[in-house]
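Taking it in order: structure first as structure tokens, then the write-up.
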Amino acid sequence: MKNDVQALIGAQWGDEGKGRVVDVLAREADVVVRYQGGANAGHTVIVGGKKHVFHLLPSGMLYPNRLCVVGNGVVLDPEQFISEVNGLDPAPEKIGTRLVVSGGAHVVMPYHKRLDVLSEQARAAKPHGSAIGTTGRGIGSCYVDKYNRIGIRVEDLVRPEILENKLRMNVEEKSLILEKIYGEPGLNFGELYEKALGWGRFMAPYIGDSSIEIDSAAKNGKKILFEGAQGTLLDVDHGTYPFVTSSSCVSGGCCTGGTLSPGRFDRVIGVVKAYCTRVGEGPFPTEDHGVIGERLREKGDEYGVTTGRPRRCGWLDIVALNYAARINGLGVIALTKLDVLSGFDELKVCTEYETDGRRSDVFPNSAYVLEGVAPVYESFPSWREDISKCRTFDELPAAARDYIGFIEKSTGVPVGLIGVGPGREDTIFRNF
Ligand code: IMP
């Protein structure tokens with residue numbers, strides 16, 4: 001079976017270790033595409049002991065001779081983009097890697113970030129409001145403008161007249177919101193306009209038609225990897241709304257945000273952490289507020305890459321994972337951070353939810369119902385051995401193999417890649 005065109009999706013609440021898996025798979029890929037989200041993501045890649053963090057650029061940027069695409073579904077913060085491009089060493093041109101940014105991607109303006117933070121503070125302060133715990137990167141407010149059809153797109157940055165008109169309209173509207181709703185000073189058009197023209201000058205060589213690039217790569221039999229950010233349970237439609245991000249993180253998002261028709265995809269890879277984490281607010285049935293949660297956080301270094309916030313931690317949730325398998329059509333699982341589970345007295349996996357004495361293995365499609373469920377666990381023996389040097393499935397201790405076998409049996413999805421440590425080399429491939 002050929003796996004030339006693949007979508008790689010977070011199957012939990014983000015932070016599953018997608019950057020690391022993309023980095024490993026990008027070795028074989030010709031094209032790597034980011035298709036949704038923005039600088040709210042934080043993909044950590046460790047190469048030769050050196051840590052690289054990408055918020056916006058595809059993780060494939062570290063390999064020579066790749067085409068890396070930022071698709072139209074992304075909301076792009078130009079300052080972050082410029083700093084990541086300037087931070088690449090050696091420069092992409094030197095290693096033959098090309099970077100193409102879709103002219104249709106929307107620009108995160110400084111006012112989007114201000115509005116994101118202010119609206120989050122307002123929600124938190126109101127007795128009837130509920131904070132989401134956003135990253136403050138202007139994601140929601142930028143997508144609001146996109147869907148309200150007043151957003152500034154990357155293509156506008158190199159069209160001074162169009163930019164001027166659009167920006168004037170936005171500055172007027174956002175100044176009113178800032179002044180009248182939040183009691184904050186309004187915006188300075190001239191300053192923003194000059195900044196935006198500067199971003200356009202920097203970005204001009206990278207702006208292109210990503211749909212043509214991706215289509216021609218697919219026609220020529222190139223290997224294409226779509227790199228998801230955040231995760232299924234943070235998807236704006238299928239996540240635990242309203243405690244979600246504002247983009248389509250699921251596999252379907254690749255088609256609209258990355259521009260390739262559904263029939264062209266060969267396989268969807270679900271990245272699953274061996275336990276669960278969540279940052280920000282919202283229901284999380286297996287969250288452990290005690291020593292287990294604390295231990296997972298410390299052993300797994302579970303602190304947000306973008307905001308530094310400690311992540312909420314708990315056992316693996318099979319009910320939620322089955323939901324992610326169904327919504328995304330997972331063909332294979334990449335299981336990350338299995339090494340973090342070494343040394344526990346016992347492991348637990350949530351197999352059902354209980355509500356008012358009734359059990360169910362169906363993930364509810366309402367965050368408010370999910371908030372009321374209690375997890376039902378099955379226990380498993382753990383293993384004591386350090387597994388970070390294992391390079392084949394058979395080298396893993398029997399208890400680790402059984403844990404993986406249970407995930408496969410419960411989801412019906414094979415586990416084809418297993419992460420046993422943070423480095424590129426700490427990976428087991430198994431009929432992948
Ligand atoms: P926003 O995407 O900044 O609007 O944040 C919305 C929710 O998604 C918050 O709960 C964030 O903590 C969460 N979130 C956004 N990006 C990520 C990510 O890359 N990993 C994990 N959680 C994220």
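FYI, it's all coordinate maths here, none of it is from the lab. If you're wondering where the values come from, they're calculated on a predicted model, not measured in any experiment. Methodologically, a virtual Cβ is constructed for each residue, glycine included, from the backbone with ideal geometry; neighbour enumeration extends over all protein chains shown.
In the distance distribution for segment 309-362, Cα-Cα pairs more than 15 Å apart total 63 percent. The alpha-carbon atoms of segment 200-324, seen along their principal axes, cover 52, 38, 28 angstrom, with the largest extent given first.
Segment 4-66 and segment 337-411 have Cα centres separated by 25 Å. Please grab the % of Cα pairs in the chain that end up more than 27 Å from each other. Tail of P(r) above 27 Å: 52 percent of Cα pairs. Estimated translational diffusion coefficient (Stokes-Einstein, Kirkwood radius over Cα pairs, 37 °C, 0.692 mPa s) of segment 172-247: 193 µm² per second. Give, in whole angstrom and from largest to smallest, the semi-axes √(5λ) of the equivalent ellipsoid of segment 245-308, with λ running over the eigenvalues of the Cα gyration tensor. Semi-axes, largest first: 31, 14, 11 Å.
From its DSSP helices (H runs of at least four residues, each -39,500 (n - 2.57)), the chain gives a residue-normalised ellipticity at 222 nm of -9500 deg cm²/dmol. Short to long, the 5 Å bins of the Cα pair-distance histogram for segment 106-205 hold 2, 13, 21, 24, 19, 10, 6, 3, 1, 0 percent of all pairs. When each of the peptides 411-422, 249-260 is scored by how many other beta carbons lie within 10 Å of its residues on average, the order from highest to lowest is 249-260, 411-422. Annotation for segment 315-330 versus segment 94-155: alpha-carbon center distance of 28 Å. Using the Cβ atoms and a cut-off under 11 Å, what net charge is assigned to the surroundings of Ile177, where Lys and Arg are +1 and Asp and Glu are -1? Net of charged neighbours comes to -1.
In terms of overall dimensions, segment 275-432 has a Cα radius of gyration and Dmax of 15.6, 47 angstrom. Ranked by the mean number of other Cβ atoms within 10 Å per residue, highest first, peptides 218-228, 70-80, 40-50 order as 70-80, 218-228, 40-50.
P(r) tail for segment 347-432, what percent of Cα pairs lie past 22 Å? Of the Cα pairs, 42 percent sit more than 22 Å apart.
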